[in-house]
Amino acid sequence: MTLARIILGLLSLAPMTGYDIKRHIETTVTHFWTADKAQIYRALDALVRDGLATVHTVPGQSGPVRQEHRITEAGRAVLAEWLVSDLERSAERDPFLARLFFAGDLGDAELGALLARRRTAVEEALATFERMREELPEPTSRAERVRLWTLENGLAHVRAEAAWLDRIEGELA
């Protein structure tokens, strides 16, 4: 359900194709949500079926026709309702932490390698989020400021994990 609401939010910004939505997820909300192409298209189909979005065929400017999705008034109402509803608890699922939890019997080299792989992932995420921040113009509206806050939250989490890795790598040494 959350993915469908995120897609409604993206469609409230502008009409988009499934490809556009995938690109926006990868470049604007990736610090808190991911989705693959199949998940996006299933959610779009459901939104159209439920009358929360419409789909229009638009001639391509230099290529094939595009299937552009637009939020409906019913979709805007559902989005607004979701924005003010109680927050649902989201179960954390982190394969790295699951591995680390059981890694006590690994040798120092294997445990160090596990931590090094996580360090690489954290550094890549930090670089991505910092690049996203650098490329954003300073917000000129409340909506832009609120979206920036979510990116700042992602940066804070990644920086906190890097500091945590520093500490546990120091204990391992």
Helix 142-172: angle to the longest alpha-carbon principal axis of the chain, degrees 0 to 90, nearest 10? 20 degrees
Can you tell me the 0 to 90 degree angle between the C-alpha axis of helix 18-28 and the longest principal axis of the chain, rounded to 10? 40 degrees
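At 1.4 Å probe radius, can you tell me the per residue accessible area of the chain in Å²?
Working: 11700 Å² over 173 residues.
Value for the chain: 68 Å² per residue.
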Would you work out what percent of the accessible area of the stretch 29-147, with all protein chains in place, is carbon or sulfur (probe 1.4 Å)? 55 percent
For the chain, what is the calculated [θ] at 222 nm in deg cm²/dmol (nearest 500), taking -39500 (n - 2.57) for each run of four or more DSSP H residues and dividing by its residue count? -22000 deg cm²/dmol
Over all pairs of distinct alpha carbons, what does the Kirkwood formula give as the hydrodynamic radius of the stretch 82-153, in Å? 15.7 Å
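Among the GluC sites (Glu not before Pro) within the stretch 47-143, which fall in a DSSP loop and have no more than 11 other Cβ atoms within 10 Å of their own Cβ?
Details: sites: 68, 73, 81, 88, 92, 110, 123, 124, 130, 134, 135; in loops: 88, 92.
In loop regions of the stretch 47-143 (DSSP not H, G, I, E or B), the sparsely surrounded GluC sites (Glu not before Pro) are 88, 92.
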Using alpha carbon centroids, what distance separates the stretch 1-55 and the stretch 100-162, in Å? 23 Å
Other-chain or far-sequence residues with amide H under 5 Å of residue 106's (modelled H): none
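What relative contact order, as a whole-number percentage, does the stretch 1-83 give when Cα pairs under 8 Å and 6 or more residues apart are counted? Numbers along the way, then the final one.
Numbers: 101 pairs, mean separation 29.4, N = 83.
Reported as a whole number, the value is 35 percent.
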Mean 1/r over distinct Cα pairs of the chain, inverted to a Kirkwood Rh in Å, yields 18.8 Å
Stretch in the chain that is longest and holds no trypsin sites (Lys or Arg not before Pro) that DSSP places in a loop and that have at most 13 other beta carbons within 10 Å: 1-88
What chymotrypsin sites (Phe, Trp or Tyr not before Pro) in the stretch 69-158 are in a loop by DSSP, with at most 16 other Cβ atoms within 10 Å of the Cβ? 102
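The values are calculated or read from the model by the stated rules, or taken from the named source; none is laboratory data. No experiment lies behind these values; they were computed from the predicted model shown. Cβ sites come from the backbone with ideal geometry, for glycine too, and all protein chains shown count toward neighbours. Heavy atoms of the whole protein, side chains included, go into the accessibility calculation; ligands, DNA and RNA do not. Shrake-Rupley method; radii C 1.70, N 1.55, O 1.52, S 1.80 Å.
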